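**Q** Input: one structure, supplied below.
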Amino acid sequence: MEKEMKKVLVLGSGALKIGQAGEFDYSGSQALKALKEEGISSVLVNPNIATIQTSEGIADKVYFLPVTTYFVEEIIKKERPDGILLAFGGQTALNCGAELYTKGVLDKYGVKVLGTSVEAIMYTEDRDLFVKKLDEIGMKTPVSQAVENMKDAIEAAERIGFPVMVRSAYALGGLGSGICRDKEEFVKLAESAFAFSKQILVEESLKGWKEIEFEVIRDTNDHCFTVASMENFDPLGIHTGESIVVAPTCSLDDKELKMLQELSTKCIRHLGIVGECNIQYAFNSETDDYRVIEVTPA
């Protein structure tokens, strides 16, 4: 029998930075209001006092503490929530939730993850698992290799052939990513990426392809649809943080748009995402070829 949700812990938006932007404050505030409407008590963890989430009357109880496994476990110990929401605190909350799950903290205190499961989050965050999961349904991803040290990274880059793209696992907003034209550039970028990520993905360069994104929503009853399409003004190869995004897409025809929408819902269903997520593609209009770059479940 399903456990009744009387108290839910929400991991908040925290500081405003790359991968941790203001939209999480807004979405988290809406989640807290929705919990209140359902008569569910809410506990918020958010170290940033200058947010809407932490305003009086939004959450029933607020802890101005860092969103780390140590502090969140202590709060769980004290508050004993029935459920936890991970999708409203950006990358920090996703990483924290995954760590709490692998350490067995959530099982120990009987806390249910609401929305997207931790397993699904791990499929999207661990680049190796992500590629294998999409291979199961025949979806195209860039030729790539996930590595966890510099030696393997250099070998992967030389095997794939320069130029190569570097992406960090467990990072949002293009943090630690870029295109490297030669070994010297690659070593420099890979070293900086490893400074804040335990795993990086070395992949074929798709520089010049269009960068297309979709926001997708799916509920627990498997109703799934795309709510927005977006196109980066610059082609793939320009850092996300330095490019303008236009919504809706401007250069795709109906056939191309429909194809990518259908691929998006197929991908999200297979990964088991529940709630809202973002899916990014590299798309070549001349050949109608595509690659799924990443899925972000927040």
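Throughout, read-outs are computed from the coordinates displayed, never taken from laboratory work. None of these values were measured; they are calculated from a predicted model.
**Q** How far is helix 23-37 tilted, in degrees, relative to the longest principal axis of the Cα atoms in the chain, given as a value from 0 to 90 rounded to the nearest 10?
**A** Between helix and principal axis, roughly 30 degrees.
**Q** If the stretch 156-298 were replaced by its equivalent ellipsoid, with semi-axes equal to the square roots of 5 times the Cα gyration tensor eigenvalues, what would those be, largest first, whole Å?
**A** Rounded to whole Å, the semi-axes are 27, 18, 13.
**Q** Here's another thing I want to ask about it. Once both axes come from the Cα atoms, what is the angle between helix 150-160 and the longest principal axis of the chain, in degrees from 0 to 90, rounded to 10?
**A** 50
**Q** Where does the stretch 108-195 land on the Kirkwood hydrodynamic radius, alpha-carbon pairs, in angstrom?
**A** 14.6
**Q** Further, regarding this structure: Run lengths n ≥ 4 of DSSP H only: what is the helix-derived mean residue ellipticity at 222 nm for the chain, with -39500 (n - 2.57) per run over all residues, to the nearest 500?
**A** Values: 9 runs with 101 residues, N = 298.
Theoretical 222 nm ellipticity from helices: -10500 deg cm²/dmol.
**Q** Another question, then. How big is the C-alpha Rg of the chain next to the rule-of-thumb value 2.2 N^0.38 Å, as a ratio?
**A** Ratio of Rg to 2.2 N^0.38 Å for the chain: 1.02.
**Q** In a GNM of the chain with a 10 Å cut-off on Cα contacts, which of THR265, THR102, THR124 has the highest mean-square fluctuation?
**A** Of the options given, THR102 has the highest mean-square fluctuation.
**Q** Mind pulling the angle between the C-alpha long axis of helix 183-194 and the longest principal axis of the chain? Nearest 10 degrees, somewhere in 0 to 90.
**A** Tilt relative to the chain: about 10 degrees.
**Q** So for the stretch 24-128, considering every pair of alpha-carbon atoms, how many percent are separated by more than 18 Å?
**A** 45
**Q** So what does log10 I(q)/I(0) come out to for the stretch 144-204 at q = 0.13, 0.23, 0.26, 0.30 Å⁻¹, using the Debye formula with one equal point on every Cα and no solvent?
**A** For the stretch 144-204, the Cα-only Debye profile gives -0.24, -0.80, -1.05, -1.43.
**Q** Here's a follow-up. Who wins for biggest fluctuation among PHE214, PHE162, PHE130 in a Gaussian network model of the chain, springs between alpha carbons below 10 Å?
**A** PHE162
**Q** What aspartates and glutamates could a cross-link reach from LYS258, if we take a straight Cα to Cα line under 15 Å and drop same-chain neighbours fewer than 8 places away?
**A** Output for LYS258: GLU213, GLU215, GLU231, ASP288, ASP289.
**Q** Give me the tail of P(r) for the stretch 212-251 as a percent: Cα-Cα pairs with distance above 11 Å.
**A** That fraction is 65 percent.
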